[in-house]
1. From Ile422, Ile336, grab the single residue that is touching a residue at least 12 places away in the same chain (Cβ under 8 Å), of a type in the set (A, V, I, L, M), part of a helix (DSSP H, G or I) and under 27 Å from Lys318 (Cα atoms).
2. Taking Asp358 as the residue in question, decide whether it is open to solvent by 40 Å² or more (accessible area, probe 1.4 Å), in contact with a helix residue (DSSP H, G or I) (Cβ under 9 Å, 6 or more places away or on another chain) and at positive phi.
3. Which one is most open to solvent (accessible area, probe 1.4 Å), of the residues in segment 323-352 that are within 8 Å of the chain's Cα centre (by Cα) and hydrophobic (A, V, I, L, M, F, W, C)?
4. Can you pull out the residues in segment 1-37 that are open to solvent by 100 Å² or more (accessible area, probe 1.4 Å), modelled with pLDDT under 75 and within 39 Å of the chain's Cα centre (by Cα)?
5. Counting only residues that are modelled with pLDDT of 95 or more, touching a strand residue (DSSP E or B) at 6+ places or on another chain (Cβ under 6 Å) and farther than 10 Å from Arg278 by Cα, how many does segment 202-230 have?
6. Mind telling me which of the residues Ser255, Ser261 ends up being open to solvent by 20 Å² or more (accessible area, probe 1.4 Å) and in contact with a His (Cβ under 8 Å, 6 or more places away or on another chain)?
7. Residue by residue through segment 197-220, note down the ones that are open to solvent by less than 10 Å² (accessible area, probe 1.4 Å) and part of a loop (DSSP other than H, G, I, E, B).
8. Scan segment 301-322 and tell me whether some residue there is surrounded by 18 or more Cβ atoms within 10 Å (Cβ to Cβ), touching a residue at least 40 places away in the same chain (Cβ under 8 Å), among the basic types (Lys, Arg) and farther than 14 Å from Thr368 by Cβ.
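The values are calculated or read from the model by the stated rules, or taken from the named source; none is laboratory data. In this text the structure is predicted, and so the values were computed from the model without any measurement. Virtual Cβ from ideal backbone geometry, glycine too; neighbours counted across all protein chains shown. Side chains included, ligands, DNA and RNA excluded: accessible areas come from the protein's heavy atoms. Shrake-Rupley method; radii C 1.70, N 1.55, O 1.52, S 1.80 Å.
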Amino acid sequence: MLIRNTAPGQAEILNASLSDPQHLDHTGTHITVQRLEHAAYLQITTALKVSGQPSHPPEGPWQDVPDELEGMQQHAQASPQESITPTATSIPSPAATEVSSEAFPALLAASTNPSGLRLLSPAPSSARLDDEAGPGTETAASAAPSAPARPADAYSTDTPQAPKTDDPTAAAEEPTASEAEESEAHDLHAPEIRVLGPVEVTGVNSTGHGPRMAQLAALLYFRPGRSADVLCVDMDPVSPWSTSTLNARMQGLRSSLGGDSSGNLYVPRRKTGEDPYRLAPGVRCDWTRFLQLVEPALPLGPSGLTDLEKALTLVRGKPFGGRPLPWAEPYTQEMITRVIDVAHTVATYRIPAGPHHDLSAARQAVATGLDVDPTAELLYRDWMRLEAARGNRSGLHTIITRVQQINRDLDCALEMETTQLINELLNSSGTAVRKAL
């Protein structure tokens, strides 16, 4: 019930459970009471806990993410006599100005940047568990291995590359070509959990209970060793799963993933009902692969572009499909931040004239990053510089209009760097534009 504060004995009472308009005598109008569902409340509080954490300087290889074209010689392809000015007829398409439909984006936009978070994908335990037994455990299911494979210590989808090292003795310890090829062939059969986009798992259907089993597999990968009670709540905080539902989905996942050539299941059974749930160490993940490609490449500068661009090809959209369960929110924020870092790095190295100049590659990187976060102003600034380098005045104006519209939808002001760059590009001659770039 909703009670409006008035003089004693004159309080008006409205029914908060109704969605229909109700008459409010004090105002002489009808109003509709709005409510916050528990699921939305959990989404807001979880998101704010993540984004409200204090920002820390980047650590490790992420310190090597370049500033915006710092110290680089830029040469715009626009004519020096041509001034880049806004075109009144240049307007973004409806699709261009579409903003994420997720709830309450302005809350996240106004909160602290979560780029300081560093969430590593956990390495599943290598201990093999025998069949389950005891009360509260899953019923043993005869799931024959479906995709023969040997669990791999490292994720591999392409021809293995020797690690970069200055140690002349390191080559003697590297595997032979035949051994590497054999390991590669086996690794390709291990199931893969893909979270850099809608959650998918090798061998798990996208219909029926498949999507929930895929989310369960992702939960087991990122948070191994959880008990049944914790998993049931993580899979549905509002209406937690029952143990029987968890066991049914676990059996379905075990059957879908199968096992390796030695008969070891990728979803091992537990010994007792108290044992935690986990995946076998051979199970792969695209996020782990992303980090394996990016982190060694970032300190290499432009020489690491090949691996950085290869990492971006793993990105299929918003992590976890843009609607992660509460447990996955911190990982989602981490992935978004890192994808933007990589996209910006590629654009920064590809836009300048020189041996690494490739505006098509820069455009692809920016598009990939904006597909993950369509509000990332850093990437819009990269895109502005790219179109200015092409001398594309109408394209530049379209980008400016788009980022301005997005910020209006979020009820946020443009970042200072964005405003400064817009002023430089729109109010300068071609010579000044080259300096701004």
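1. On the way: Ile422 fails: under 27 Å from Lys318 (Cα atoms).
Being touching a residue at least 12 places away in the same chain (Cβ under 8 Å), of a type in the set (A, V, I, L, M), part of a helix (DSSP H, G or I) and under 27 Å from Lys318 (Cα atoms) holds for just one of Ile422, Ile336, which is Ile336.
2. Details: open to solvent by 40 Å² or more (accessible area, probe 1.4 Å): yes; in contact with a helix residue (DSSP H, G or I) (Cβ under 9 Å, 6 or more places away or on another chain): yes; at positive phi: no.
Against the criterion (open to solvent by 40 Å² or more (accessible area, probe 1.4 Å), in contact with a helix residue (DSSP H, G or I) (Cβ under 9 Å, 6 or more places away or on another chain) and at positive phi), Asp358 does not qualify.
3. Checking each candidate, the answer is Ile336.
4. Within segment 1-37, Arg35, Glu37 meet the criteria.
5. The qualifying residues number 2.
6. On the way: Ser255 fails: in contact with a His (Cβ under 8 Å, 6 or more places away or on another chain).
Result of the check over Ser255, Ser261: Ser261.
7. Taking segment 197-220 and keeping what is open to solvent by less than 10 Å² (accessible area, probe 1.4 Å), we get 197, 201, 210, 214, 216-220.
Of everything in segment 197-220, just one residue is open to solvent by less than 10 Å² (accessible area, probe 1.4 Å) and part of a loop (DSSP other than H, G, I, E, B), namely Gly197.
8. No: segment 301-322 contains no residue that is surrounded by 18 or more Cβ atoms within 10 Å (Cβ to Cβ), touching a residue at least 40 places away in the same chain (Cβ under 8 Å), among the basic types (Lys, Arg) and farther than 14 Å from Thr368 by Cβ.
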